[in-house]
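A quick write-up on the structure given underneath.
The values are calculated or read from the model by the stated rules, or taken from the named source; none is laboratory data. Bear in mind that the values here come from a model prediction, so they are computed numbers and not experimental data. Reconstructed Cβ throughout: ideal geometry from the backbone, glycine too, with neighbour counts over all protein chains shown.
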């Protein structure tokens, strides 16, 4: 008989495999000939290499040249005629700026007969950037937003106004060329203007929205940055066609199928989980306690993207924190396990995709003198889970469609 951990690993592998962007890109490009003018490719985001590689396989020499900007460790080698940049995430770095400038240079001499194939995935907000403020200020604003628990829509609303490529501005730089954009969604509800901060999509947020976010979190911005918040972003783009592919719903469906194949009766609770990671973990543990007396195996699945409010200086990510927060509530509930993973294979600034706990985790940590409450207070889930073999390690996966958390009750 398999162990709970083996079941968890199989579910994770099946879910991520189903969410890889290869088929999605092939479907979006199906039937398109690009028979006029030149075709140049720009890909930005954590799944950029995978998406660009699939497009190159399909279109071959029809793509004249390309620029790929992805996260460190996410490139899997050269692609013919493409420049590949690995860059910083979640805070942009010099390579983010160089990659974005290479993309701008690639599209600046195009005509209305030409096409920019623009492949967008989550993480593009940090990876694809040309800042309108000093880089060190942009990094500081990003850190403030991450630390205060702002959600991705709020973060991207500000990023658009401090950037020369976000909020529809990259599409303007491509004009008069046409832009055919394929978007792999990593934001709940698939808002096209927010995924990677919408470089090629009209912006629905306003200057008033941006200023309200600054006030809400008490952010510290320079006079120059505050002035940029007053400038409205493009609300209409006439040279862009967009196809959205993949989403967290696909991730949840694949997890549901894998759970059923392993003998669990699965239930998808939501594909739009959006709350504090600790609260999500506690909620799944509460379900475990409520269903503790069932006589058959159950699985409860929640997709989405939680947030972490930083109160300490430890190491971890939202998925690790969610899992560890559940450990207290499922302690001594035989057959109970909770795991949560990021589909891109990296959770926060760590090398883990997420975390796994079961009914033995609390006791194992206590035996090593580790108190879960204190660990969460210091946001140090990584080191706690590492002590008990609770880190989920997948490496970069080549996709990015939010997170999935699963409660298993095996009978």
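State whether one or more residues within segment 200-221 are touching a strand residue (DSSP E or B) at 6+ places or on another chain (Cβ under 8 Å), within 30 Å of residue 114 (Cα to Cα) and not assigned by TED's automatic domain parsing to the domain that holds residue 317.
yes
If I filter segment 182-199 down to residues being touching a strand residue (DSSP E or B) at 6+ places or on another chain (Cβ under 8 Å) and surrounded by fewer than 24 Cβ atoms within 10 Å (Cβ to Cβ), which single residue comes out as nearest to residue 118 (Cα to Cα)?
192
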Quick check on this structure: which one of 243, 236, 249 is at pLDDT below 95, surrounded by fewer than 14 Cβ atoms within 10 Å (Cβ to Cβ) and closer than 30 Å to residue 29 by Cβ?
236
Going by what's in this entry, would residue 104 be described as at pLDDT 95 or above, part of a helix (DSSP H, G or I) and either buried (at least 17 other Cβ atoms within 10 Å of the Cβ) or not assigned by TED's automatic domain parsing to the domain that holds residue 342 (or both)?
yes
In this structure, is residue 23 without any contact (Cβ under 8 Å) to a residue 40 or more places away in the chain and more than 22 Å from residue 175 (Cβ to Cβ)?
yes
Name the helices (runs of 4 or more DSSP H) wholly inside segment 301-411 in which the number of residues that are under 26 Å from the mean Cα position of the chain (by Cα), closer than 24 Å to residue 190 by Cα and outside the structural domain of residue 259 (by TED's automatic domain parsing) is 3 or more.
none
Just one of (1) under 22 Å from the mean Cα position of the chain (by Cα); (2) in the same structural domain as residue 100 (by TED's automatic domain parsing); (3) more than 13 Å from residue 184 (Cβ to Cβ) trips up residue 43, so point out which.
(3)
Of the conditions (1) at pLDDT 95 or above; (2) surrounded by fewer than 20 Cβ atoms within 10 Å (Cβ to Cβ); (3) closer than 16 Å to residue 128 by Cα, residue 88 satisfies every one except a single condition; which number is it?
(1)
